[in-house]
Amino acid sequence: MKYRLIAIIGLLTFGFTHSQTYEVGLMIGGTNFSGDVGSTSFMNPQDYLHRSKGSLGAIFKWNRSNRHAFRFSYMRLRTFDDDLRSDSNAKISRGYRFNTEIDEFSVGIEYLFWDWDPHNHKSEFVPYLYTGPTFFLSYHHFVQGNNLVRGGRNNNFAIPMVIGAKINIGDHFVIAGEFGARYTFTDNLDGSAPREIGDNNFPEFGNANTNDWYMFAGLVLTYSFGRKPCYCNF
């Protein structure tokens, strides 16, 4: 019985390492913000193309079936906002601004709208959705007028809601474009809720009943490797 168990485990291990397809690659694009400072718009393309919002990351995927993949990613995100970019006269008169750097770690499931095979010699196009647990570390600089008022580190969680579309190029390369909004569990990415990091010396401002969002829009380029998968057992 012991030897049978060892043989079964060995076969499962062999099947796991030789019958799946993996992807590894880079993510590049821009990051936008929606909160208590600056503009609340997040659909204006020029907001993501600003030089201070360039973001870069690495991604790994395990294509567990032809309809979904497990996905792991790390991103270094940069964003800022300024009350002078707002449509609100009150914000323009206030004159606050900030910049934030975010280290994001995310793991979740990418769901494809229809069957897709990255090994197909013909290019195949497919849209997809992604979500999963996301943890981030952020550090912001908060400015009032021309004076740096404070900076603080914030560690928290977010829920990503990502939509994208990808196409395979040849046998090994996949390129995708995606947009994702992250709802965070903090109101302090812009420095408006200092109590969250134990700072009671600086006054809070803005709407305390709404949390901050940050968004990423960009391209994902991956290289697929591993034996052509068999999904017959899934």
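With kT/(6 pi eta Rh) evaluated at 4 °C and eta = 1.567 mPa s, and Rh the Kirkwood radius from Cα pairs, segment 21-225 diffuses with a coefficient of 72 µm²/s according to Stokes-Einstein. Spacing of the modelled spin labels on ASN120 and ARG195, each 7 Å from Cα toward Cβ, amounts to 5.4 nm.
Output the peptides 117-126, 212-221 sorted from most to least packed, where packing is the average of other Cβ atoms within 10 Å over each peptide's residues. Working shown, then result.
On the way: 117-126: 14.3, 212-221: 21.3.
Averaged packing, sorted descending, gives the order 212-221, 117-126.
From most to least packed by mean Cβ count within 10 Å, the peptides 72-79, 27-34 give 27-34, 72-79. For the peptides 170-179, 85-94, 56-65, residues were scored by their other Cβ atoms within 10 Å and the scores averaged per peptide; the highest-first order is 56-65, 170-179, 85-94.
Net charge of the neighbourhood of LYS61, taken over other residues with C-beta under 12 Å away and scored Lys/Arg +1, Asp/Glu -1, is +1.
Give the order of VAL37, VAL107 when sorted by the count of other beta carbons within 10 angstrom, beginning with the fewest. Spell out each step's value before the answer.
Details: VAL37 28, VAL107 13.
So the residues, fewest neighbours to most, are VAL107, VAL37.
Multiplying the residue separation of ILE92 and ILE167 by 0.36 nm and subtracting their alpha-carbon distance yields 22.7 nm.
No lab work stands behind these numbers, since they all come straight from the coordinates. Because the structure is a prediction, the values reported are computed rather than measured. Quick reminder, even Gly has a Cβ in these numbers, built from the backbone with ideal geometry, and neighbours come from all protein chains shown.
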